[in-house]
Amino acid sequence: MFNILLAEDELPLRKLIKYNLERRGFCVYESGNGEEALALSESKDVDLIIADIMMPVVNGNQLTRIVKSRNADLPVIMLTALSTIDDKKKSFEGGADDYLTKPVDFDELELRIRALFRRYGRVSKQKIQIGNTELDFLTKTLKINSVITDTAKKEFLLLFTLLSSPGRIFSRTQLLDEIWGMDSESLERTVDVHINKLREKLVKSDVAIVSVRGLGYKAERK
């Protein structure tokens, strides 16, 4: 699963963008200013940054220059209300890879994101191979011993999330938030039901989903 860092100071818009990107299968880390975004870019495994220009503390252009000085291969998309040629020139000269103006067309945004992933050679992150088990994010298919195993969309996303970080423990709340976009203790049973269904389908797999008492779940090789 691709990880996107979203830097946008307008909370309602940030939540809307995050929701729409997560619906398209991306994991989104959010920040309200450029300083927070810089810290997240250092502490998280980020594949792409989407940044507004007019942000407090550190603006989008400053953020881009700093990020690119540290990692020239981290793509950046500017998403802003500023639309003049001079505005675009400043962003591109600062290292931005693409530039979109608000209001956001989410279909176009997804196309631009995936184009940058291809350009930067990140397409391979859409596939996970562990032993005899393969997940293809693009086609949402699970193969065990080269045979496709039927999985519901949420089951696939749940397994892909766990296997994207083998050995990492995910709480039920984290999984609800990442897969279902929810954060409620009353819905944690939803995760358990999907985990049980996946375990039945992984009987012949080299992968196991392990319960960590009091903490959540992790995936590991058998």
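The values are calculated or read from the model by the stated rules, or taken from the named source; none is laboratory data. These numbers come from a predicted model, not from an experiment. With ideal geometry, Cβ positions are generated from the backbone for all residues, glycine too; neighbour counts draw on all protein chains shown. Protein only, heavy atoms only, side chains kept; ligands, DNA and RNA dropped before computing areas. Shrake-Rupley method; radii C 1.70, N 1.55, O 1.52, S 1.80 Å.
Restricted to region 193-211, and to residues there that are under 24 Å from the mean Cα position of the chain (by Cα) and either of a type in the set (A, V, I, L, M, F, W, C) or assigned to a loop (DSSP other than H, G, I, E, B) (or both), the residue that is nearest to residue 129 (Cα to Cα) is 207.
Within this structure, residue 58 passes the test of being over 20 Å from residue 114 (Cβ atoms) and hydrophobic (A, V, I, L, M, F, W, C). Has region 97-112 got at least one residue that is among the hydroxyl-bearing types (Ser, Thr, Tyr) and either within 18 Å of residue 26 (Cβ to Cβ) or open to solvent by 70 Å² or more (accessible area, probe 1.4 Å) (or both)? Checking region 97-112: not a single residue is among the hydroxyl-bearing types (Ser, Thr, Tyr) and either within 18 Å of residue 26 (Cβ to Cβ) or open to solvent by 70 Å² or more (accessible area, probe 1.4 Å) (or both). Going through (1) modelled with pLDDT of 95 or more; (2) within 23 Å of residue 175 (Cα to Cα); (3) more than 13 Å from the chain's Cα centre (by Cα) one by one, residue 6 falls short only on (3). Taking the criterion of being in contact (Cβ under 8 Å) with a residue 40 or more places away in the chain, touching a strand residue (DSSP E or B) at 6+ places or on another chain (Cβ under 8 Å), of a type in the set (A, V, I, L, M, F, W, C) and not in a loop (DSSP other than H, G, I, E, B), the residues of region 143-170 that qualify are 144, 159, 160, 162, 163, 170.
Annotation for region 100-123: no member residue is under 30 Å from residue 211 (Cβ atoms) and not polar (S, T, N, Q).
Remark: pairs (first residue in region 99-117, farther than 13 Å from residue 78 by Cβ; second residue open to solvent by 40 Å² or more (accessible area, probe 1.4 Å); Cβ separation under 8 Å; 6+ apart in sequence or on different chains) = 106/24; 110/24; 117/123; 117/125.
The requirement of being open to solvent by less than 30 Å² (accessible area, probe 1.4 Å) and either within 22 Å of the chain's Cα centre (by Cα) or not charged (D, E, K, R) (or both) is fulfilled nowhere in region 82-89; no residue meets it. Contact annotation: residue pairs with Cβ atoms under 6 Å, 6 or more positions apart or on different chains, pairing a residue in region 15-29 that is farther than 13 Å from residue 179 by Cα with a partner that is of a type outside the set (Gly, Ala, Ser) and assigned to a helix (DSSP H, G or I), are 29/40.
For residue 174, the test of being of a type in the set (S, T, N, Q) and not in a helix (DSSP H, G or I) is failed.
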